Amino acid sequence: MKHALFISLTAVATLSLNISGCAPAIVAGGAASVAADTRTAGTVVEDQSIEFRIAANLQKDPEFLEKTNINITSYNTVVLLTGEAKTVALRDRAEKIAKTDPKAKKIYNEIVVREPLPMKARNYDSWLTTKVKAKLVATEDVSSFNVKVVTSDTTVYLMGLISKADAQKVAQVAAHVTGVTRVVKAFEYVN
């Protein structure tokens, strides 16, 4: 899709303007999610702000809209860039732009140099993310509350605040989900 980044930002902006009547339900749902999350509510909001700022800065350059499909994920102010860019220069420029965000403490650049994936492949990645999350929730002895799952071209990226032992368990569960070809750990380790 030629203008995926623009469409994503437009959808977020439009949705945020239209949901004012739904605020109590959204806040309640978010409160339950935040209650299980070890990040502070302020950090959760900061992560969303980081994602939006980086996306907005990328959108300023029409070349990113035409020649890339870049996803920005922030967890505890650690940023993961995934997706595709047609050239190494675009891949590197995206990282450089992300590094200008004053609140992003670390950037993982996992953007692959290739043609952007078609929508069918992106939908399959979303399905894989859902399958991994469901498997994590269903697996005893694995805490998935502090784990963010992102999938790009059948590679699963795992982020979050987690112990090394739990990280290993989470990665093993993700690796055994049918369709996952690779698992990348981008965790922050806690004791």
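The values are calculated or read from the model by the stated rules, or taken from the named source; none is laboratory data. Quick caveat: nothing in here was measured; it's all calculated off a predicted structure. Note: ideal-geometry Cβ built from the backbone for every residue, glycine included; neighbour counts use all protein chains shown.
If you filter region 162-184 down to residues that are assigned to a strand (DSSP E or B) and modelled with pLDDT of 95 or more, you find that the one that is surrounded by the most Cβ atoms within 10 Å (Cβ to Cβ) is 183.
Residue count for region 114-126 satisfying the condition of being closer than 13 Å to residue 152 by Cβ and either among the charged types (D, E, K, R) or touching a Ser or Thr at 6+ places or on another chain (Cβ under 9 Å) (or both): 8. Among the conditions (1) crowded, with 19+ Cβ neighbours inside 10 Å; (2) assigned by the TED database to the domain that holds residue 70; (3) more than 18 Å from the chain's Cα centre (by Cα), the only one that residue 102 does not satisfy is (1).
No other residue among 134, 98 is within 25 Å of residue 178 (Cα to Cα) and at pLDDT 95 or above apart from 134.
Being in a helix (DSSP H, G or I) and aliphatic (A, V, I, L, M) is the filter; apply it to region 106-149 and report the residue that is farthest from residue 173 (Cα to Cα). My answer is 119.
Per-residue answers, yes or no, for (1) in contact (Cβ under 8 Å) with a residue 24 or more places away in the chain; (2) under 19 Å from residue 186 (Cβ atoms); (3) more than 12 Å from the chain's Cα centre (by Cα):
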| residue | (1), (2), (3) |
| --- | --- |
| 39 | yes, yes, yes |
| 42 | no, no, yes |
| 46 | yes, yes, yes |
| 53 | yes, no, yes |
| 79 | yes, yes, no |
| 89 | no, no, yes |
